[in-house]
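Undergrad: Submitted below is the structure of interest, expressed as structure tokens.
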Amino acid sequence: MSWRTGLLAVALAGAACSSGQAAAPAHPRGTPAPIASATQQPTPAPTPPQPPYAIESLRARAYSSGSLAIGDEMFRGEGFTKYHMSWQSGGQTMTGTISMPDGAGPFPVVVVNHGFIPPERYWIGQDSGIFGDPMAAHGFISVAPNWPGYAGSGPAPSDLPQIVGQVVTALDLVTAVSALPQADGRRIAFVGHSNGGGISEIAMVVDPRIRAVVLQAPVSTDMADNARKWWLQRPDSLAGLGTPDTNPDGYRHLSPRNYLAASDPPVLIVQGTVDHTIPADWTNATYAALQGAGVESKLMWIDGGDHDLVGANLATAVAAQEAWIRHAFGM
């Protein structure tokens, strides 16, 4: 298993040569004088480590997991079967669904991250089956987590903001699903809608195992935008992160926009032109940042589509999603 190595910034200063050499002091007979050495500059104090929610910390984290357990059958689709599943993350049992294509594989894997839904209103597969099941019908393993605290999933780490706990859970799931004999662990894609897009945005700059990304009407890659619009209304979701005004540096270190690089996986953004939830300015800013960083990327606007695409608009978005992932995988 490989992942992008996180680099904690530790500044080490080497010895600097002096411009002149002082005379050696007198020494008792029989005691050799020490060899004159270069004058040493003071060593700066090490930079404090970043908090656990920072991108640097997430890159350094180990994403290990026990085996993925496939549970009861949910239903039989055209060319695939959908099951309940569970896996371990942070010592907790997490739940979700897995849609398995017919056959032995190995099949590429799509991790579908659902958007924000109040836990008491959430039903299993909500906001994920519409993006994942069509992929399973076409030869992809589709896994969809129920986020921490949802539908039987255990709690997330208490020291992490909610969205970061969801990222950690998703990356532990990548480890678990990659171990399945039917899975092609070299071909992992992330798909995310709305807040699930934010999860995918963070994950793509953390874990090099992710080889393709589709963001369906995603939240901003500047996490301060999301905090001001939503998170501050749910202070329990912040877990020590604070507000953008009190902790601007923390938000900089959590925002994927500041970490984009040409080596990141190809990214497709899909959004409706009349989305009433995600400002078009956010999406345009994310796309401009991807382009500026040299990431292979495309922005696709669905004419007349709102935040939750339906009917022909949804079919168009899912077809574009599959075509993009196949392109990224060289299929």
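Undergrad: Suppose we filter region 280-319 for residues that are assigned to a helix (DSSP H, G or I), farther than 17 Å from Ser194 by Cα and either touching a Cys at 6+ places or on another chain (Cβ under 6 Å) or of a type outside the set (Ser, Thr, Tyr) (or both); how many remain?
TA: The total comes to 9.
Undergrad: Further question on the same structure: Condition first: touching a helix residue (DSSP H, G or I) at 6+ places or on another chain (Cβ under 6 Å) and in a loop (DSSP other than H, G, I, E, B). Now tell me which residues in region 186-208 satisfy that.
TA: Of everything in region 186-208, just one residue is touching a helix residue (DSSP H, G or I) at 6+ places or on another chain (Cβ under 6 Å) and in a loop (DSSP other than H, G, I, E, B), namely Asp207.
Undergrad: Select, from Thr286, Thr316, the only residue that is over 21 Å from the mean Cα position of the chain (by Cα), β-branched (Val, Ile, Thr) and at negative phi. Can you show your working first?
TA: On the way: Thr286 fails: over 21 Å from the mean Cα position of the chain (by Cα).
Checking each option against the conditions leaves just Thr316.
Undergrad: Could you check, for region 298-319, whether at least one of its residues is basic (Lys, Arg) and under 29 Å from Gly165 (Cβ atoms)? Even if it seems obvious, please write down each step before you answer.
TA: Our first condition is that a residue be basic (Lys, Arg); within region 298-319, this holds for 298.
Then keep just the ones that are under 29 Å from Gly165 (Cβ atoms); that gives none.
No: region 298-319 contains no residue that is basic (Lys, Arg) and under 29 Å from Gly165 (Cβ atoms).
Undergrad: Then there is this: For Asp222, only one of the following conditions fails: (1) within 22 Å of Asn284 (Cβ to Cβ); (2) acidic (Asp, Glu); (3) under 12 Å from the mean Cα position of the chain (by Cα). What is its number?
TA: Every listed condition holds for Asp222 apart from (3).
Undergrad: Here's another thing I want to ask about it. Looking at Thr277, Thr246, Thr221, can you tell me which residue is surrounded by 18 or more Cβ atoms within 10 Å (Cβ to Cβ) and in a loop (DSSP other than H, G, I, E, B)?
TA: Criteria check complete, one pass: Thr221.
Undergrad: Residue under question is Val191, and the condition is that it be out of contact with any Phe, Trp or Tyr (no Cβ under 7 Å at 6 or more places or on another chain) and surrounded by 24 or more Cβ atoms within 10 Å (Cβ to Cβ); does it hold?
TA: no
Undergrad: Would you please name the residue that is surrounded by the fewest Cβ atoms within 10 Å (Cβ to Cβ), looking only at residues in region 74-107 that are within 15 Å of Ala144 (Cβ to Cβ), β-branched (Val, Ile, Thr) and in contact with a Gly (Cβ under 7 Å, 6 or more places away or on another chain)?
TA: Looking at residues that are within 15 Å of Ala144 (Cβ to Cβ), β-branched (Val, Ile, Thr) and in contact with a Gly (Cβ under 7 Å, 6 or more places away or on another chain), I get Thr95.
Bear in mind that the values in this text are calculations on the coordinates, not laboratory data. Values in this document were obtained by computation on a predicted structure and should not be read as measured data. In this analysis, Cβ positions are derived from the backbone assuming ideal geometry, glycine residues included, and neighbour counts consider all displayed protein chains.
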